[in-house]
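The structure appears below as structure tokens.
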């Protein structure tokens, strides 16, 4: 093994220059660290700006424009079918995406040279890192904010350029004629529906009958039923295999009825989640997971691993990939890395996840699987959007909202939502939950008429009645 030529002693070393890493650096300096270095081997620019939140919303915006034109007839407004210019759609996605990435790049470029290193970090031990073959870093504390990589099943790499992930789909020069989407998580639903609305022949395949992050069976049933009205969703598919045939891909699987099914598509979008990058970091040398399928045990309020000088932050330990959570975790980790061994606990925000499908999906507060229904203490109230006033006005009257509360304290504790504009109404509930608001206090808040928030009020009234 070649010993790196340069040696660097620092207070805090941060692996990764994404949202979590950038916030960790800022927090470490604010907490008193004098020597901080941020190490990045891949392209700069956060996951959100480069391959996540922003380019996906740009594609969705184009898809929504085409969809609204096609469905304007319900209002008596008739227009010819939209002509989707695929290259133009993707040029705008790429141009605006590059603009967002540029903001991040400028922020990194402005950092003092001694605070950043280019290269891939690998652990030598818990406090020593080798950066490529040029630098050895010795740190009093280390923050791992190295992010994740798209998960691709074994055998699918052989598809070559026919295989897409969220890291490559936005680089296409044109929209494909046909597309198979693997997975019905956030990425699969958002990009699958957007491609469909832009005129791509889309088939979405999932091994279970579930779409999006909601876990309440009744909410899931509504989601699957409504989305299936528009999209070609193949639930409960198993024994999936793929082979390249010229410039196409042949996908074979057993469908929900047990029948063998084969489809041919121009491209396959793998949206089966993302995996942490532990193996590339040689993290086992520091007592961290040695392979990418293993999770790490850490304190979510301090971001400390065990009781030592290792801290984690961002997507590498939080598969939801939520920007504000990554920023918070970077701040917690950076602060405590600088203060180590005198770490402090931070309060977490109320959990909030939004899927920008149409209708949108949101989950707020305590995850459904963690709610204590068995004790009888947790009750719910819900409302359908089918007859909700403003939703019908907009001809977007699909979906359901279900809110959950604690019968003893009468506090609102969680919600699962599927409907129009829930990206906004979910925030109201998240703020109420974070403030520890009771259902009665929430019902005293003003609600204008006619707005979709009236549906939330109805669900809260039913929750209050269930608490009696």
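Worth a mention:
- Qualifying residue in segment 4-27 (condition: over 27 Å from the mean Cα position of the chain (by Cα), surrounded by fewer than 24 Cβ atoms within 10 Å (Cβ to Cβ), in a loop (DSSP other than H, G, I, E, B) and on the phi > 0 side of the Ramachandran plot): no
- Within segment 378-408, being touching a strand residue (DSSP E or B) at 6+ places or on another chain (Cβ under 6 Å) and over 14 Å from residue 368 (Cβ atoms) holds for 381, 383, 384, 385, 399, 406, 407.
- Among the residues listed as 178, 252, 168, the single one being surrounded by fewer than 20 Cβ atoms within 10 Å (Cβ to Cβ), under 20 Å from residue 56 (Cα atoms) and without any contact (Cβ under 8 Å) to a residue 60 or more places away in the chain: 168
- Hey, residue 297 free of Cβ contacts under 8 Å to residues at least 40 places away in the same chain, surrounded by fewer than 16 Cβ atoms within 10 Å (Cβ to Cβ) and closer than 30 Å to residue 174 by Cα or not: no
- Condition broken by residue 363, with the remaining ones in (1) under 27 Å from residue 197 (Cβ atoms); (2) at pLDDT 95 or above; (3) touching a helix residue (DSSP H, G or I) at 6+ places or on another chain (Cβ under 7 Å) satisfied: (3)
- Selection of segment 151-181 for residues being touching a helix residue (DSSP H, G or I) at 6+ places or on another chain (Cβ under 7 Å), under 22 Å from residue 227 (Cβ atoms) and not in a helix (DSSP H, G or I) yields 166, 175, 179, 181.
- Residues (at pLDDT 95 or above, part of a loop (DSSP other than H, G, I, E, B) and farther than 16 Å from residue 149 by Cβ) located in segment 257-297: 257, 258, 259, 266
- Residue that is surrounded by the most Cβ atoms within 10 Å (Cβ to Cβ), among those in segment 232-249 that are in contact with a strand residue (DSSP E or B) (Cβ under 8 Å, 6 or more places away or on another chain), free of Cβ contacts under 8 Å to residues at least 40 places away in the same chain and over 18 Å from residue 187 (Cβ atoms): 238
The values are calculated or read from the model by the stated rules, or taken from the named source; none is laboratory data. These numbers were taken from a predicted model, which means no experiment stands behind them. Glycine gets a Cβ as well: all are built from the backbone with ideal geometry, and neighbour counts include every protein chain shown.
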